[in-house]
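A.B. asks: Right, I'll just put the structure down here and ask away after.
The values are calculated or read from the model by the stated rules, or taken from the named source; none is laboratory data. Quick caveat, the model's predicted, so the values are computed rather than measured. Glycine also receives a Cβ, built like all others from the backbone with ideal geometry; neighbour counts cover every protein chain displayed.
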Amino acid sequence: MFEAYSPSKNITVAVKRTTKAGDYISREYEILTKLQGSQYCVQMLDIFYSQSAEGKKSQNLVFEYCHDNLESVIQRAKKENTLIPIEHIKNYMSQILLGLKDCHQQQICHRDLKPENILVKEKT
């Protein structure tokens, strides 16, 4: 993942670059398209393709920017020898379960659910 700036939208975004295999639309793109509008799943803002100097094609998914992930929150609390407030834990759990509900309603099974894949946004 790369942090980038979108001048057209005037926002910070995250870009995930993966090597493109063939001319097929990626499974990740298809899933993210189905989850557009979910309040509890990261939003894909754009997609574009690029080509390396060696001629390899890359798919670039542009996401809303999230400043942190749950793994970092947990590790920070351990390092600082503090507890994560119960209100935060309840909030995280509620949002995780609502996100899973949105996935399951679209017949999507998340196969890699772990703290580092749970994104945390600053409150706006």
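A.B. asks: Applying the selection to the stretch 76-124, what residues are part of a helix (DSSP H, G or I) and among the polar types (S, T, N, Q)?
C.D. replies: Residues satisfying the conditions are N91, S94, Q95, Q105, N117.
A.B. asks: At negative phi, surrounded by 15 or more Cβ atoms within 10 Å (Cβ to Cβ) and acidic (D, E) - does that describe any residue in the stretch 96-110?
C.D. replies: Yes - at least one qualifying residue is present in the stretch 96-110.
A.B. asks: How about the stretch 25-59: which of its residues are under 16 Å from L119 (Cβ atoms) and in a strand (DSSP E or B)?
C.D. replies: The answer is M44, L45.
A.B. asks: Under 6 Å by Cβ, and 6 or more places apart or on different chains, what pairs join a residue from the stretch 22-39 that is at negative phi and touching a residue at least 60 places away in the same chain (Cβ under 8 Å) with one that is surrounded by 10 or more Cβ atoms within 10 Å (Cβ to Cβ) and aliphatic (A, V, I, L, M)?
C.D. replies: I31/I108
A.B. asks: Could you check, for the stretch 17-24, whether at least one of its residues is under 14 Å from the mean Cα position of the chain (by Cα), modelled with pLDDT under 95, of a type outside the set (S, T, Y) and within 21 Å of L119 (Cα to Cα)?
C.D. replies: yes
A.B. asks: Pairs, please: C-beta under 9 Å, at least 6 apart or cross-chain, first residue within 19 Å of C41 (Cβ to Cβ) and in the stretch 71-97, second exposed (fewer than 10 other Cβ atoms within 10 Å of the Cβ)?
C.D. replies: As it stands, the answer is Q95/Q39, since those pairs meet every condition given.
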